[in-house]
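Asker: Next up is a structure, given as structure tokens.
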Amino acid sequence: MKISKSDALMWMEFFASLPEDEELLPRQQEIALAALSQIEVAADARAEALRREIPGLKSLGGRTEYVGPDGKFPPGCRSCLLGTGLSAIRKTNKCDAHCRFCYDHGALDRIEPIGEGYWEIGGTRFREEDLELLLSIHKAPTGISYVYLEPFMEIEVYYGVIAKFRAAGIHQHMYTNGIRANEENLRALGEAGLDELRFNLGATNCADRVIEAMGVAKKYIPRVGIETPMTPEFFKTFMRKKDAILATGIDAINCAELHLNENNLANYAGEPMYMYRMGYLSPIWSRELTLRFLRVAAEENWNVAVHACSNHTKFARDLNLRAKEGGWFGASAYGCEFAHIPYAAFLPVLRDPDLHFVEEEELPVGYRPGDIVL
């Protein structure tokens with residue numbers, strides 16, 4: 001049903017008032033899902049209008065969008081979207097930043113350690129000397145990434161592992177907030193064989209010392225870029241420091257669509273939200289700011305690839321990975337990160353006069369106020 005915005009608000013207010021663990025009845029579920037669909041369709045329509053304003057917008061096989069030189073599109077992203085996925089290597093359970101957009105916000109002191117001397121790869125614990133065994137048994141992935149949480153907290157232990165994967169010919173990229181990056185450790189990463197380093201520039205609100213570190217990194221590491229959740233704060237500060245950032249010689253900028261979980265949702269209370277394909281929940285402005293960002297990059301002809309790493313991209317990523325793993329048709333790990341849909345999170349967007357449903361219909365009999373909804 002194409003529920004009206006006013007009816008959606010009425011029902012979502014009711015659902016939000018229920019105990020969190022109270023399951024909705026089937027017709028109530030229909031109403032809730034219809035409301036979420038209407039919000040999503042409205043958000044998609046607004047995004048499409050912005051997309052049409054971007055000159056030279058490119059698609060990577062329908063899986064994601066970007067502007068700029070094709071040769072500078074990150075190989076790590078190609079591996080993620082076209083290859084055998086994004087194989088995460090986990091080691092460090094600490095971070096020296098406290099970002100409100102972090103998926104572990106408020107829980108950083110409760111992140112379980114991997115274990116002294118161990119690395120987590122594919123859910124299994126390995127020591128560095130086990131990597132030859134791993135590579136002799138498993139088919140090598142097209143790419144791997146070092147995540148969880150801030151590698152530079154103990155960056156010296158990474159060099160040997162990077163060298164082993166370099167010898168195996170596997171593309172490697174790493175994420176960092178850049179706070180502890182310096183000439184010495186960036187040179188060591190390059191010598192070990194790291195292919196790509198991505199700075200979460202939003203973690204420090206585009207701090208000058210991190211911008212300088214990006215320029216240093218470019219001296220030693222083949223590809224250097226930015227990967228940051230798109231927020232109003234990042235958009236504003238980036239544009240103010242744009243010239244200095246682009247002057248570092250970075251290759252790419254990944255504008256990640258901010259998606260929320262139970263840890264960071266409260267930090268964005270009151271913002272207009274939507275849910276993409278019944279999975280990731282995001283503020284509507286994150287995707288829209290990214291598209292505005294791409295438009296500026298295209299109009300000003302930046303010599304970098306600017307990638308819209310959106311919820312659609314994540315949706316495509318998980319489909320690709322499961323297909324490469326031999327999953328059944330349509331199989332994907334993509335899904336909602338909440339145990340229960342947080343209905344209250346959608347009340348602000350339903351009260352927002354600037355968001356209009358594309359098409360509305362009256363509620364059918366049995367779903368209207370006063371009817372018994374079973």
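Asker: Under 10 Å, Cα contacts only: if you run a Gaussian network model on the chain, which one of L291, L321, L133 comes out with the highest mean-square fluctuation?
Answerer: Per the Cα network of the chain with a 10 Å cutoff, L133 tops the list.
Asker: Counting only heavy atoms of protein chains, what accessible area per residue, in Å², does region 176-313 have with a probe of 1.4 Å?
Answerer: Heavy-atom accessible area per residue stands at 35 Å².
Asker: Which of the lysines could a cross-linker bridge to K5, judged by Cα under 26 Å and excluding same-chain residues fewer than eight apart?
Answerer: Partners within reach: none.
Asker: Please report the carbon-and-sulfur percent of the accessible area for the chain; probe 1.4 Å, protein heavy atoms only, DNA, RNA and ligands left out.
Answerer: Roughly 52 percent, rounded to a whole number.
Asker: Kindly report, to the nearest 10 Å², the accessible surface of D104 as traced by a 1.4 Å probe over protein heavy atoms only.
Answerer: The accessible area comes out at roughly 40 Å².
Asker: Just checking the chain: which Cys have no other cysteine's beta-carbon under 4.7 Å?
Answerer: C77, C80, C95, C206, C255, C309, C336
Asker: Next question. Please work out the Cα center distance from region 314-374 to region 159-223, rounded to the nearest Å.
Answerer: Taking the Cα centre of each part, region 314-374 and region 159-223 sit 38 Å apart.
Asker: Over the chain, what is the relative contact order in percent, taking alpha-carbon pairs closer than 8 angstrom and at least six residues apart?
Answerer: Once normalised by length, the contact order is 25 percent.
Asker: If I take every Cα pair under 8 Å that is 6 or more residues apart in region 189-263, average their sequence separation and divide by the length, what percent do I get for the relative contact order?
Answerer: Relative contact order here is 35 percent.
Asker: Take the Cβ-Cβ distance between L246 and N182 as r, set R0 to 22 Å, and report the resulting FRET efficiency rounded to the nearest 0.05.
Answerer: That gives a FRET efficiency of 0.50.
Asker: Could you rank S286, S332, S17 by how accessible they are, 1.4 Å probe, largest area first?
Answerer: Heavy-atom accessible area, descending, gives S17, S332, S286.
Asker: Shifting gears a bit: Give the lysines whose C-alpha is closer than 23 Å to that of K241, dropping any in the same chain fewer than 8 places away, or say none.
Answerer: Hits, sequence-local ones excluded: K72, K218, K219.
Asker: What are the lysines whose alpha-carbon lies under 21 Å from the alpha-carbon of K324, with same-chain residues fewer than 8 places away excluded?
Answerer: K139, K314
Asker: Share of antiparallel DSSP beta bridges in the chain, in percent to the nearest 5?
Answerer: Here the antiparallel bridges make up roughly 35 percent for the chain.
Asker: Tally Lys/Arg at +1 and Asp/Glu at -1 over every other residue whose Cβ is under 14 Å from the Cβ of L131; what's the total?
Answerer: 0
Asker: Right, next: Counting each DSSP H run of 4 or more residues in the chain as -39500 (n - 2.57), what helix-only mean residue ellipticity at 222 nm follows after dividing by all residues, to the nearest 500 deg cm²/dmol?
Answerer: Helix contribution divided over all residues of the chain: -11000 deg cm²/dmol.
The values are calculated or read from the model by the stated rules, or taken from the named source; none is laboratory data. Owing to the predicted nature of the structure, the values given are computational and were not obtained by experimental measurement. Note that each Cβ is placed from the backbone with ideal geometry, even for glycine, and that neighbours are counted across all protein chains shown. Side chains are part of the model used for accessible areas, which takes the heavy atoms of the whole protein and leaves out ligands, DNA and RNA. Shrake-Rupley method; radii C 1.70, N 1.55, O 1.52, S 1.80 Å.
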